[in-house]
Amino acid sequence: MLKVNDLHASINGKPILQGLNLTINPGEIHAIMGPNGSGKSTLSKVLAGREEYVVTSGSITYKGQDLLALAPEERAHQGIFMAFQYPVEIPGVNNTYFMHQSLNAIRTARGEPELNSVDFMRLVRSKLKLLNMDEGLLKRYVNTGFSGGEMKRNEILQMSLLEPTLAILDETDSGLDIDALKIVAQGVNNLRSPERSLLVITHYQRLLDYIQPDVVHVLSGGKIVRSGDKSLALELEDKGYGWIQDYREAA
Ligand code: ADP
Ligand code: MG
Ligand code: MG
């Protein structure tokens, strides 16, 4: 599904990712953990195709094609979904309208017919129900004045509607309340299927109490310094990130 090979990326000439390798197979959920400033959000932005993040060497293959050759919207059309740590506010644009347009653009790219308003609302309501969310966010402007938890809920709702092939979730470093964490986890767990992959980037072990990742990676100093199963996340919670330094020097 995704293969990142010896990736180096910079922002404003400053190297951030420094030899990152990552392979995600179809059906797998991977978690990336790591201290603040280690490059987690940078990785998600490179995968999204944000142009400020310059790839200086290495490669990324998605479903067998060169991801870096695709424009950001082509990546979305090919089934990549990105939930950012700080989603963009779009004042004046109704959230329901925005989601409807996004879904229809993706359906068109997939060769599926567009949904009319009635069918779209039916679909949104079924997703809301699945996620135990209320309709409050639908009438508001996109992300405008949303709390951290509301933004996260909204991203998970979008993800559930778009049914991506590869979803990348960059979690907020500030603590989400337990209800928001559960919604994120539920959204991820609902999406799990043999044809899909998810990459969950998180600063906190707590989220992984609700999601069962197949692989946990530790990112430090712009590269993955350890990979393991869920027990690695528990070990991190126990020991903190200080002990990673040893692996970083060895890597
Ligand atoms: P994380 O998500 O792991 O906390 P980031 O990827 O956000 O880490 O940041 C990695 C490093 O890149 C940090 O040292 C951060 O200060 C730097 N960085 C991120 N974005 C920018 C930017 N727009 N301009 C300059 N430096 C940046
Ligand atoms: Mg950070
Ligand atoms: Mg971050």
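The values are calculated or read from the model by the stated rules, or taken from the named source; none is laboratory data. Computed from a predicted structure; not experimentally measured. With ideal geometry, Cβ positions are generated from the backbone for all residues, glycine too; neighbour counts draw on all protein chains shown.
If I go through segment 42-59 residue by residue, how many of them are more than 10 Å from ligand 3 (Cβ to nearest atom), in contact (Cβ under 8 Å) with a residue 40 or more places away in the chain and crowded, with 21+ Cβ neighbours inside 10 Å?
From segment 42-59, those more than 10 Å from ligand 3 (Cβ to nearest atom) are 46-59; that's our starting set.
Subsequent filtering for residues that are in contact (Cβ under 8 Å) with a residue 40 or more places away in the chain retains 47-48, 52-59.
Retained after the next criterion (residues that are crowded, with 21+ Cβ neighbours inside 10 Å): 47.
The total comes to 1.
Output the residues belonging to segment 171-207 that are part of a helix (DSSP H, G or I) and in contact with an Asp or Glu (Cβ under 9 Å, 6 or more places away or on another chain). Spell out how you get there, then give the answer.
Going residue by residue through segment 171-207, those that are part of a helix (DSSP H, G or I) are 178-191, 206-207.
Answer for segment 171-207, where residues must be part of a helix (DSSP H, G or I) and in contact with an Asp or Glu (Cβ under 9 Å, 6 or more places away or on another chain): ALA180, LEU181, VAL184, ALA185, GLY187, LEU191, ARG206, LEU207.
Identify all residues within segment 129-147 that are surrounded by fewer than 18 Cβ atoms within 10 Å (Cβ to Cβ) and in a helix (DSSP H, G or I); write none if there are none.
Once the filter is applied, which keeps residues that are surrounded by fewer than 18 Cβ atoms within 10 Å (Cβ to Cβ) and in a helix (DSSP H, G or I), segment 129-147 yields LYS129, LEU130, GLU135, GLY136, LYS139.
Scan segment 71-85 and report the pairs whose first residue is small (Gly, Ala, Ser) and whose second residue is assigned to a helix (DSSP H, G or I) and modelled with pLDDT under 95, with Cβ atoms within less than 6 Å and a gap of 6+ or a chain change.
ALA83/GLU155
One residue is enough: does segment 89-101 have a residue meeting the conditions buried (at least 18 other Cβ atoms within 10 Å of the Cβ) and in contact with a Phe, Trp or Tyr (Cβ under 6 Å, 6 or more places away or on another chain)?
yes
Hey, can you tell me all the residues within segment 208-231 that are in a loop (DSSP other than H, G, I, E, B), away from ligand 2 (no atom under 16 Å from the Cβ) and touching a strand residue (DSSP E or B) at 6+ places or on another chain (Cβ under 9 Å)? Spell out the reasoning first.
In the first step, residues of segment 208-231 are kept if they are in a loop (DSSP other than H, G, I, E, B); the result is 210-214, 221-222, 229.
From what's left, away from ligand 2 (no atom under 16 Å from the Cβ): 210-214, 229.
Answer for segment 208-231, where residues must be in a loop (DSSP other than H, G, I, E, B), away from ligand 2 (no atom under 16 Å from the Cβ) and touching a strand residue (DSSP E or B) at 6+ places or on another chain (Cβ under 9 Å): ILE211, GLN212, PRO213, ASP214, ASP229.
Only one of these is within 17 Å of the chain's Cα centre (by Cα), more than 16 Å from ligand 3 (Cβ to nearest atom) and surrounded by 14 or more Cβ atoms within 10 Å (Cβ to Cβ): GLY39, GLY79. Name it.
One residue alone meets the criteria, GLY79.
Quick check, is GLY19 buried (at least 18 other Cβ atoms within 10 Å of the Cβ) and either among the acidic types (Asp, Glu) or on the phi > 0 side of the Ramachandran plot (or both)? First the steps, then the outcome.
Working: buried (at least 18 other Cβ atoms within 10 Å of the Cβ): no; either among the acidic types (Asp, Glu) or on the phi > 0 side of the Ramachandran plot (or both): yes.
Taking the combined requirement at face value, the residue does not satisfy it.
Identify, from the list VAL88, VAL93, VAL46, the residue that is under 25 Å from ARG110 (Cβ atoms) and within 16 Å of ligand 2 (Cβ to nearest atom).
Just one listed residue meets the conditions, VAL46.
Here are some residues: GLU52, GLU73. Which one is at pLDDT below 95, over 24 Å from PRO213 (Cβ atoms), over 16 Å from the mean Cα position of the chain (by Cα) and among the acidic types (Asp, Glu)? Explain how you work it out, then say what you get.
On the way: GLU73 fails: over 16 Å from the mean Cα position of the chain (by Cα).
Sole residue among the options that is at pLDDT below 95, over 24 Å from PRO213 (Cβ atoms), over 16 Å from the mean Cα position of the chain (by Cα) and among the acidic types (Asp, Glu): GLU52.
Looking only at segment 83-126, which residues are under 23 Å from LEU176 (Cβ atoms) and part of a strand (DSSP E or B)?
ALA83, ILE90
Answer yes or no: is there a residue in segment 226-242 that is at pLDDT 90 or above, within 19 Å of GLY37 (Cβ to Cβ) and of a type outside the set (Phe, Trp, Tyr).
The answer is yes; a qualifying residue exists.
Suppose the filter is over 30 Å from ASP119 (Cα atoms) and surrounded by fewer than 20 Cβ atoms within 10 Å (Cβ to Cβ); does TYR204 pass it?
So TYR204 passes the test.
Tally time: how many residues in segment 109-144 are over 25 Å from the mean Cα position of the chain (by Cα) and small (Gly, Ala, Ser)?
Number of matching residues: 1.
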